[in-house]
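> Okay, handing you the structure first.
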Amino acid sequence: MEAIINDTKLSIIQGDITSQATDTIVNAANPSLMGGGGVDGAIHRAGGLAILEECKQIVAEQGRLPTGKAVITTGGNLKAIRVIHTVGPIWHGGGRNEAELLASAYRESLKVAAENKLTSISFPSISTGAYGYPVAEAARIAVSAVVSFLKEQATSVREVVFVLFDARTYESYLLALQEVTDSPKA
Ligand code: ADP
């Protein structure tokens with residue numbers, strides 16, 4: 001499914017983010033930036049040690065990455081030339097600002113992409129794996145954060161792709177995009 005927002009194409013696909021050929025792919029990292037399970041482990045395995053080396057340097061310079069923030073490294077051996085690492089919130093039931101922090105992870109990643117004049121970006125479903133965020137809710141937040149950003153900011157980014165690993169997550173994002181694009185205030 002696709003939508004055009006301003007001059008940017010937003011699409012939703014099911015697949016493996018490590019094989020995407022967008023300029024940049026987003027990693028659902030943790031604050032240590034040292035790799036981990038899920039999509040983080042997959043990106044570091046496919047991208048090679050150059051990504052980890054840059055992550056180590058970033059942590060040495062600025063410390064752990066706070067939740068909702070984003071940094072950029074090389075794409076190493078990936079097709080993508082850069083990886084943007086962001087940290088989504090751990091789900092604690094919704095009362096710890098999780099929704100705002102999740103929206104921030106998407107916004108900050110898009111800001112970093114624009115600052116680096118990148119034109120295309122792929123996102124995974126941040127926080128809905130090990131971090132436990134309920135998928136339907138996370139999908140609505142993810143899609144509305146990206147759509148609002150594209151409506152409000154001038155950006156170099158002409159293409160945004162949500163790359164969802166499993167069918168259930170994919171369906172949730174499709175539904176969220178339908179809801180957001182059908183809603184008159186979106
Ligand atoms: P978090 O810790 O932010 O919850 P996870 O990596 O545990 O991050 O999960 C986030 C989402 O990424 C989940 O939907 C998971 O199925 C998905 N995922 C795992 N591997 C990949 C991959 N190679 N490409 C795209 N999505 C992936």
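> Within the set of pairs 6 or more residues apart or between chains, which connect a residue that is surrounded by fewer than 16 Cβ atoms within 10 Å (Cβ to Cβ) inside segment 38-60 to a residue that is modelled with pLDDT under 95 with Cβ atoms less than 9 Å apart?
GLY41/GLY35; ARG45/GLY35
> Is there a residue being at pLDDT 95 or above, of a type outside the set (A, V, I, L, M) and more than 12 Å from the ligand (Cβ to nearest atom) anywhere in segment 80-91?
yes
> Next up: Is there any pair linking a residue in segment 144-165 that is at pLDDT 95 or above to one that is acidic (Asp, Glu), with Cβ under 8 Å and at least six apart or on different chains, and which?
ARG158/ASP7; VAL163/ASP16; PHE165/ASP16
> Sticking with this one: Scan ALA114, ALA138, ALA99, ALA154 and give me the residue that is within 25 Å of ILE4 (Cβ to Cβ) and either within 16 Å of the ligand (Cβ to nearest atom) or of a type outside the set (A, V, I, L, M, F, W, C) (or both).
ALA138
> May I ask you to list the residues in segment 1-40 that are within 14 Å of the ligand (Cβ to nearest atom), part of a strand (DSSP E or B) and touching an Asp or Glu at 6+ places or on another chain (Cβ under 9 Å)?
Within segment 1-40, ILE12, GLN14, ASN27, ALA28, ALA29 meet the criteria.
The values are calculated or read from the model by the stated rules, or taken from the named source; none is laboratory data. This one's a predicted model, so the numbers in the text were calculated from it and none came from an experiment. Because the Cβ atoms are built from the backbone with ideal geometry, glycine has one as well, and the counts that use them run over all protein chains shown.
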